[in-house]
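Asks: Here's a structure for you.
The values are calculated or read from the model by the stated rules, or taken from the named source; none is laboratory data. The structure displayed is predicted, hence computed values, not measured ones. Positions of Cβ are backbone-derived with ideal geometry, glycine not excepted, and every protein chain shown enters the neighbour counts. When the accessible area is computed, the model is the full protein with side chains, heavy atoms only, and any ligands, DNA or RNA have been set aside. Shrake-Rupley method; radii C 1.70, N 1.55, O 1.52, S 1.80 Å.
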Amino acid sequence: QLVYPYDFRLTEKEKTSICYLSFPDSYSGGLGDTQFSFRLRQSGGQRTAHYEDDGEYNREAPLTLQRESAHYFGYVYFRQVKDSSMKRGYFQKSLVLVSRLPYVNLFQSLLQLIAPEYFDKLEPCLEAVCNEIDQWPPPVPGQTLNLPVMGVVIQVRIPSRVDKPGSSPVKQFNQENLLPAPLVLPSIHELDLFRCFQPVLIHIQMLWELMLLGEPIVVMAPSPTVSSEMVLALTSCLAPLKYCCDYRPYFTIHDSEFKEYTTRTQAPPNIVVGVTNPFFIKTLQHWPHVLRVGELKMSGDLPKQVKVKKLNKLKTLDTKPGIYTSYKTFLHKDKTLIKRLLKGIQRKRPSEVQSALLRRHLLELTQSFIIPLEHYIASLMPLQRAITPWKNPPQIRPFRQEDFMKTLEHAGPQLTCVLKGDWLGLYRRFFKSPNFDGWYRQRHKEMTQKLEALHLEAICEANIVAWMKDKSEVEIVDLVLKLREKLVRARCQHLPVKEETLQRVGLYIETIIGSLPEDLQTVLHHH
């Protein structure tokens, strides 16, 4: 019915997809208000971003919270109430917030404030809210923001890449006597993992392995809320490693990718997809891993844990909850986590404490796996003394899987993790996954930039005048052009170089040009 602000451009295809994704696609019988999320592939080419300074945010934000370039997130508030004046006997409406940022808690909290008001007052309410949101500061990693909206101030900290993984958000917040007291969100994006993973706590490690390897997974849930929370919980369980595959927290049969995902002519894609329509049991039968969950109910004791079952049991529409897969885990089960969580349940520990335990366990698992890879890749960097000012910096040595495997005997995950099992087999499978590819590219890019930065510093330390003594004009002009190109690249790519280093290289260039004949000086100044 309405897009606000009006000048926000969506293609027809995107509009249609958003419409279908904004409503539950299977009758859940529950009236009232529900909230859920979806993720949508952008169609129709790149549109110019409203924010020129995307680069800076993405450089400082954790990899898992970067702004997406090819997808939108949709955050939905859906209301369904009996209304005899409506043709179907129901009032049904969704308010959807579309963003490229994965701030699920912030945006869902925002919708809780706006949506009820919007259903009541309609467009003027959105206009007022958008005017307030326009005044919000941009998200700067590491900063705590106060975001006023509708008489409330939402206070939230934007995580930064330099935060220590697993550190709880600082109980900060200089209250500055804000009145009314702000609505403080403990995290901008972290879900209540304990609640999301309730029915699968004893399989948490299997799910972690499947996510690490980028395996195709279907989550079949009774509602979009359960489906989107489970998918987002799964994609977050590798942090700080970025999950590099596609994921759809909620997916309907009307989706433009429906054919692509349900075709049997090729292997299922590396994606986690959340669905609620029972029709998918038939169309996605050939997927290797199906997680079927029921409604999440918070109860006093350990919720009924689903069983792992063979895929061929997944035939009928009244399929029981379970993990339908023939996957055999590489690592042995960790009993201590479950014991700890059970103790927490007996002692009636709050859910956030249980979630912190769970998150810490997953973080330690991921770090035990990733640290040997980080050590090995760091050893591929050329030695600092091999970087000399007048030669191109040496190349980073290639990543050799077999060489890496040899390092595991002395410096493998067993140093930090008590879990036994086939770690080598897990690494071999990981090398074939998009998550390895994404991790390797990111590290390689950072190392290349570091090399460039070290090279610029080496040039700064060098004695240029001495070098120029026995050089021809051609060689000197060549150096000027090369140095200029380096300077431009350092600024464009925001290389990790001190500003004074860049200024000194700039001065060098001027000095060298100054020593050349006038006709060449003119050419180079215009160049």
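Asks: So, in the range 101-148, exactly how many residues are touching a strand residue (DSSP E or B) at 6+ places or on another chain (Cβ under 8 Å), without any contact (Cβ under 8 Å) to a residue 40 or more places away in the chain and part of a loop (DSSP other than H, G, I, E, B)?
Replies: Counting residues in the range 101-148 that are touching a strand residue (DSSP E or B) at 6+ places or on another chain (Cβ under 8 Å), without any contact (Cβ under 8 Å) to a residue 40 or more places away in the chain and part of a loop (DSSP other than H, G, I, E, B) gives 5.
Asks: Take the residues in the range 163-208 that are at pLDDT 65 or above, aliphatic (A, V, I, L, M) and assigned to a loop (DSSP other than H, G, I, E, B), then tell me which one is nearest to Glu60 (Cα to Cα).
Replies: Here the residue is Ile188.
Asks: Considering only the range 211-224, how many residues are surrounded by fewer than 23 Cβ atoms within 10 Å (Cβ to Cβ) and in a helix (DSSP H, G or I)?
Replies: Number satisfying all stated conditions: 0.
Asks: If a residue must be of a type in the set (Lys, Arg) and at pLDDT 95 or above, how many such residues does the range 398-440 contain?
Replies: Looking only at that region, the number is 4.
Asks: Ok, one more. Only helices (runs of 4 or more DSSP H) wholly contained in the range 399-461 count here; list those with 2 or more residues that are open to solvent by less than 50 Å² (accessible area, probe 1.4 Å), among the small types (Gly, Ala, Ser) and out of contact with any helix residue (DSSP H, G or I) (no Cβ under 7 Å at 6 or more places or on another chain).
Replies: Filter on the range 399-461 gives 434-461.
Asks: Scanning for something outside the structural domain of Asn58 (by the TED database), hydroxyl-bearing (Ser, Thr, Tyr) and either free of Cβ contacts under 8 Å to residues at least 12 places away in the same chain or closer than 21 Å to Cys244 by Cβ (or both), does the range 409-424 turn up at least one residue?
Replies: No, the range 409-424 contains no residue that is outside the structural domain of Asn58 (by the TED database), hydroxyl-bearing (Ser, Thr, Tyr) and either free of Cβ contacts under 8 Å to residues at least 12 places away in the same chain or closer than 21 Å to Cys244 by Cβ (or both).
Asks: Here is a follow-up. Mind listing whichever residues of the range 448-507 are within 31 Å of the chain's Cα centre (by Cα) and under 27 Å from Thr522 (Cβ atoms)?
Replies: Selection gives Val488, Arg489, Ala490, Arg491, Cys492.
Asks: For a quick check of your reading: which helices (runs of 4 or more DSSP H) sit entirely within the range 463-516 and have at least 1 residues that are basic (Lys, Arg) and without any contact (Cβ under 8 Å) to a residue 12 or more places away in the chain?
Replies: 473-492
Asks: Please count how many residues of the range 66-78 are surrounded by 18 or more Cβ atoms within 10 Å (Cβ to Cβ) and either more than 20 Å from Val96 (Cα to Cα) or among the polar types (S, T, N, Q) (or both).
Replies: So the count comes out to 1.
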